[in-house]
Amino acid sequence: MKNRIKKLTVLLMVLATSTFFVACNEDEGYVERTKKSSLMLSANFLSFKDFADVETTIATLEEYDENTIKDWEKTNNFVSLQTIYDRIMEQEEKYCDSLETIYTSIEDVQKLENIHSDIFNKYSDILIERKFSDGGVYYDLDISNSDYARIVNKDGIVKIGNDIYQFKDGVTKIIEGGDVSKIDILDDIDSTDEDLGIKVNKDVKLIYTKNTFRKSETNNIGKYRVILYHDFLQNYIFNFTEVCTVQHSRVRSLKKRLFGLYYIDHRTKITINSSFVGSTVTGYTIAVFGGYPTYETRTWGYTGTKIYKKNTTADYYYFNSYLFPFFSQDQPVVNNGSINVKTEEGINMTITIP
């Protein structure tokens, strides 16, 4: 066990400290670095030197307006998953307008074979259908973290460091070494294949559920609807020697269309206020996709505010890490806390953590 721990820790440190180099003859298709970022383009996806670079770029893009984002993507010869999704929602809005002009009841609309625009049908593979208890349908992007939708391509692909990542809903696939030729086989890979050098990290099965819960709340005001989720997921992985702990809130802002048959995305200012108090845990911790393993005592506590200017979806990870509990029986638990969400339409909702 001690040898395994040592090897695992060393491996993580090597991965975390890998340096990203680009030679003139390496990876045909790269373009020169932009002046203000280490961002580069390979094939039809972006490349970043590390995850810190990713987070910096995402934070920068959050401050851009739509026209500036369009210019940024054009400069990098790139179209993001988020941009495609925005185009879909824009056309869906117009298509709903036309249908509601022609049809006067939900029964009339239900008789139609298709209630979606052409661009929706073209890119339906990047969408996941969800349903409310009243039967109303809405759609999520096929990606777990909506923040990453701005820096991945249509297929969820981005290169970070030396590896190529594919981010999808519930699963991350990693092509170690960044072999572009392996992208085409990712859809056929369901589990880690060491021979191919492809790692598959799925959202962990709920093997150990003592400290795992999801809470949600939905609130309406007129034609607008907001959904607030809070996840506390803690599960054993890697033959029960590691624990993955995720504390995460997600807000969706939607607008009723087609007499409640369909809910389309609505952009709004989303303000999240959160406060948590929890127990402590001792063990090795490391960020999910990089950083140095550290041995520490962690106190579960958080108080803060996050404001999203004009968003339809807000993902906020309070704590998202692997924990290596080799020297402790304790597991982190949220004892109590709350998440409050406000939107500019006047929707106010709160989830209380037990």
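The values are calculated or read from the model by the stated rules, or taken from the named source; none is laboratory data. Predicted model, so just to flag it, every value in this text is computed and none were measured. For neighbour counting, all protein chains shown are included, and Cβ atoms are generated from backbone atoms with ideal geometry for every residue, glycine included. With ligands, DNA and RNA removed, areas are computed over all heavy atoms of the protein, side chains included. Shrake-Rupley method; radii C 1.70, N 1.55, O 1.52, S 1.80 Å.
With the structure loaded, tell me whether Lys256 is open to solvent by 60 Å² or more (accessible area, probe 1.4 Å), in contact with a Phe, Trp or Tyr (Cβ under 7 Å, 6 or more places away or on another chain) and modelled with pLDDT of 70 or more or whether it fails that test. I'd like the intermediate steps shown before the answer.
Values: open to solvent by 60 Å² or more (accessible area, probe 1.4 Å): yes; in contact with a Phe, Trp or Tyr (Cβ under 7 Å, 6 or more places away or on another chain): yes; modelled with pLDDT of 70 or more: yes.
Yes: the conditions hold for Lys256.
Which count do you get for residues in region 110-123 that are under 20 Å from Glu90 (Cβ atoms) and either open to solvent by less than 40 Å² (accessible area, probe 1.4 Å) or over 21 Å from the mean Cα position of the chain (by Cα) (or both)? Working first, answer last.
We begin by selecting, within region 110-123, every residue under 20 Å from Glu90 (Cβ atoms); these are 114-123.
Within this subset, residues satisfying the condition of being either open to solvent by less than 40 Å² (accessible area, probe 1.4 Å) or over 21 Å from the mean Cα position of the chain (by Cα) (or both) are 114-122.
Total satisfying the criteria: 9.
I need the strands (runs of 3 or more DSSP E) fully contained in region 97-188, keeping only those with at least 2 residues that are over 23 Å from Lys70 (Cα atoms), in contact with a Gly (Cβ under 6 Å, 6 or more places away or on another chain) and aliphatic (A, V, I, L, M). So that I can check it myself, show each step before the final result.
Values: elements: 127-131, 137-141, 157-160, 163-168, 171-175.
Because the criterion is at least 2 residues that are over 23 Å from Lys70 (Cα atoms), in contact with a Gly (Cβ under 6 Å, 6 or more places away or on another chain) and aliphatic (A, V, I, L, M), no strands (runs of 3 or more DSSP E) in region 97-188 meet it.
Quick check on region 69-96: of everything there that is surrounded by 13 or more Cβ atoms within 10 Å (Cβ to Cβ) and outside any helix (DSSP H, G or I), which residue is modelled with the lowest pLDDT?
Among those that are surrounded by 13 or more Cβ atoms within 10 Å (Cβ to Cβ) and outside any helix (DSSP H, G or I), it is Asn76.
Of all residues in region 161-179, which are more than 13 Å from the chain's Cα centre (by Cα) and over 15 Å from Lys49 (Cα atoms)?
Lys173, Ile174, Ile175, Asp179
Of all residues in region 310-345, how many are in a loop (DSSP other than H, G, I, E, B), open to solvent by less than 60 Å² (accessible area, probe 1.4 Å) and at pLDDT below 90?
So the answer is 6.
Which count do you get for residues in region 160-175 that are open to solvent by 60 Å² or more (accessible area, probe 1.4 Å) and over 27 Å from Leu233 (Cα atoms)? Steps first, answer last, please.
Initially, region 160-175 is screened for residues open to solvent by 60 Å² or more (accessible area, probe 1.4 Å), giving 162, 169.
Of the ones still in play, those that are also over 27 Å from Leu233 (Cα atoms) are 162.
Result for region 160-175: 1.
When both residues are 6+ apart or on different chains and their Cβ atoms are under 7 Å apart, which pairs have a first residue that lies in region 176-195 and is at pLDDT below 90, and a second that is open to solvent by 60 Å² or more (accessible area, probe 1.4 Å) and not in a loop (DSSP other than H, G, I, E, B)?
Thr192/Lys199
State which residue is farthest from Lys306 (Cα to Cα) when the search covers only region 124-159 and only residues that are open to solvent by less than 50 Å² (accessible area, probe 1.4 Å) and over 14 Å from the mean Cα position of the chain (by Cα). Before you say what the answer is, go through the steps one by one.
Pass one, region 124-159, residues open to solvent by less than 50 Å² (accessible area, probe 1.4 Å): 126-128, 132, 135-153, 156-159.
When the remaining residues are screened for being over 14 Å from the mean Cα position of the chain (by Cα), the result is 132, 135-139, 159.
On the way: Phe132: 27, Gly135: 31, Gly136: 29, Val137: 28, Tyr138: 25, Tyr139: 24, Lys159: 28 Å.
The residue in question is Gly135.
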